[in-house]
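Here the structure is laid out as C-alpha cells; the discussion comes afterwards.
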Amino acid sequence: TQDTASRRLLSIVLPAYNEEANIEKAVQMATDVATRHCDDHEVIVVDDGSSDATANIVEKLAAADPRVRLIKHETNKGYGGALLSGFFAAKMDLVFFTDSDNQFDLDELAVFIDLIQSVDVVAGYRIKRRDPFFRRLNARAWNYLVRALFYVPVRDIDCAFKLFRREVFDGLELTSVGAMVNTELMVKLGRSGYRVVEVGVN
C-alpha cells in the first residue's frame, strides 16, 4: 500500500461571484485534473452571495459527486472573505486556489503538485498578462510598491494560482476581506519563513 505521507490529497478552492456561465466548467476542470494527479481530492466552491444561479448549479454538481462541496455566503463578503472560508474549510493536506472564470489552464497544476513535495508554497506568476494595458500598468506599480514596503517572496502577488501545504494556515490570522488578501497572505508567509517557489503559468 502507498505510504500515507506520500499520498497526494488536494483541496481545490474556487471563490465564485455570479459565475453561472463558468462554474460548471471550472468544477469539471478541477475534478479532471485532480483525479489524474492526486490520490484523493475535494472541490470547494465558495459562493460569495451571488445573485444568479451559481449556487444552484454547484448544489446539483455536489449531489452527483460528493467530492464537490458548496459554501454559501448569504451576503457578499468580498474576495478575501471567500478565500478564507475555503481555506479554513479545506480538509486535505494540500490547498490550491484559483478563480472560477477559467482564465488559467489547470493542467499546469501538475507541476505545482510535484514541487510542493519539497516546499511550503508554490505560487504562480502570469507569464503574459492578457489584461488591458492600464490594468497591467496598475498591477506592475502595485507589485513594485508592495515589494518596496514589505518583504514579499513573489513577483506576481495577485496571481490566482497558488498551492499551499495546509499547515501554513494553522495559527495564521488574516484580516483582509477584499483583494488585499493575497498581499497580506504572502507577506505573512514570507515573514514566517515558509519556503516559497514561483512557477510561470499561462
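The values are calculated or read from the model by the stated rules, or taken from the named source; none is laboratory data. Computed from a prediction, not measured in an experiment: that's the story for all the values here. FYI the Cβ positions are ideal-geometry reconstructions off the backbone, even for glycines, and counts take in every protein chain you see. Heads up: the accessible areas ignore ligands, DNA and RNA and are worked out on the full protein's heavy atoms, side chains in. Shrake-Rupley method; radii C 1.70, N 1.55, O 1.52, S 1.80 Å.
Filter the strands (runs of 3 or more DSSP E) completely within segment 64-129 down to those with at least 2 residues that are among the small types (Gly, Ala, Ser) and touching a residue at least 40 places away in the same chain (Cβ under 8 Å).
121-126
Does residue 67 fit the bill of being over 22 Å from residue 166 (Cβ atoms), open to solvent by 10 Å² or more (accessible area, probe 1.4 Å) and not hydrophobic (A, V, I, L, M, F, W, C)?
No.
Please indicate, with yes or no, whether at least one residue in segment 47-56 is in contact (Cβ under 8 Å) with a residue 24 or more places away in the chain, outside any helix (DSSP H, G or I) and open to solvent by 40 Å² or more (accessible area, probe 1.4 Å).
Yes, the conditions are met somewhere in segment 47-56.
Select from segment 1-38 the residues that are part of a loop (DSSP other than H, G, I, E, B) and surrounded by 15 or more Cβ atoms within 10 Å (Cβ to Cβ) and list them in ascending order.
8, 17, 18, 19, 20, 22, 38
Go over the candidates 166, 126 one by one and state the one that is open to solvent by 80 Å² or more (accessible area, probe 1.4 Å) and either more than 21 Å from residue 78 (Cβ to Cβ) or at pLDDT 85 or above (or both).
Answer to the selection: 166.
For segment 178-191, give me each residue that is open to solvent by 20 Å² or more (accessible area, probe 1.4 Å) and out of contact with any Leu (no Cβ under 8 Å at 6 or more places or on another chain).
Selection gives 178, 179, 180, 191.
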